[in-house]
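The values are calculated or read from the model by the stated rules, or taken from the named source; none is laboratory data. Given the structure is predicted, the values throughout are model-derived calculations rather than measurements. A quick note on method: Cβ atoms are made from the backbone with ideal geometry, for glycine too, and the neighbour counts reach across all protein chains shown.
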Amino acid sequence: MTAVQIVQPNKERQQVVRNFNVNNLETFQKYKILGDKHQAAMLKKIFVNYVCVGDNIFSTTCHDGKIDFETKNFFFGRKFTILIERVSEFQLDDLNQMRMEEHPFALNFINSIIKTQMRNSNLCQIGRNPRFFMRSEAKVFDGAVQTWPGFFTSSWIFQRGLYLIIDNISKNLSVDNCLLLINDQMDRFR
């Protein structure tokens, strides 16, 4: 396990991250609707730079009032009104003095940034958890099993500040494809 303390280099610039909530849509609707290019353009116009994590939209843009807009396209047979309101904010510089319980949204924000950067690298995410593997470094054993080296990442706030935790992990995969495995099972039961 590797732990790296995250320190913000420029103490003169206080960066406030505001947390907005989209609470009038079901989860599957949020991803479909907010991921649409028209809604993404609308959010970009409102927030400039933003990060979506579950029900939350994080941005450094100051916007105190409620935001609502109607979708341009039809989704699931109808148009939706998107309701967004600010629910909290935190300063990035304050993360080193906070306890995790004091602002769970901050950790969601940091973990989302980490996952996004890992996805943008040459690493392959397998599963929902932030587990990333190096396909190019895979080793095959006995022509049957592949082992992919990788990393599990998370951020935590400890007494001495914000830390990025990186654990080495491996993923074992069968070399056979699904069709070969199905045909093998079918041959066994004939």
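Below is a table of values for the structure above.
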read-out	value
Residue under evaluation residue 12, criteria (1) at pLDDT 75 or above; (2) farther than 18 Å from residue 107 by Cα; (3) outside any helix (DSSP H, G or I); (4) not aromatic (Phe, Trp, Tyr), criterion not met	(1)
Neighbours by Cβ (under 7 Å, 6+ apart or cross-chain): first from segment 167-189, more than 14 Å from residue 143 (Cβ to Cβ); second small (Gly, Ala, Ser) and modelled with pLDDT of 80 or more	169/150; 170/150; 171/150
Filter result for the condition that a residue is over 29 Å from residue 132 (Cβ atoms) and among the aliphatic types (A, V, I, L, M), over 67, 57	67
Criterion: in a strand (DSSP E or B) and either more than 22 Å from residue 20 (Cα to Cα) or under 20 Å from the mean Cα position of the chain (by Cα) (or both) - qualifying residue of 58, 69, 109, 105	58
Segment 30-55, subset among the aromatic types (Phe, Trp, Tyr) and part of a helix (DSSP H, G or I), residue surrounded by the most Cβ atoms within 10 Å (Cβ to Cβ)	47
Where a residue in segment 113-126 is under 16 Å from residue 148 (Cα atoms) and its partner, wherever it lies, is in a helix (DSSP H, G or I), with Cβ under 9 Å and at least six apart	122/135; 122/136; 123/135; 124/135; 125/115; 125/118; 125/119
Which numbered condition residue 87 fails, given (1) over 22 Å from residue 158 (Cβ atoms); (2) part of a helix (DSSP H, G or I); (3) among the β-branched types (Val, Ile, Thr)	(2)
Subset tally (residues that are among the polar types (S, T, N, Q) and touching a residue at least 60 places away in the same chain (Cβ under 8 Å)) for segment 64-96	3
Hey, residue 136 more than 30 Å from residue 62 (Cα to Cα) and modelled with pLDDT of 80 or more or not	yes
Segment 150-164, subset of a type outside the set (Lys, Arg) and either exposed (fewer than 15 other Cβ atoms within 10 Å of the Cβ) or over 23 Å from residue 122 (Cβ atoms) (or both), residue nearest to the chain's Cα centre (by Cα)	152
Hits in segment 139-166 - residues which are among the aromatic types (Phe, Trp, Tyr) and in contact (Cβ under 8 Å) with a residue 24 or more places away in the chain	148, 151, 156, 163
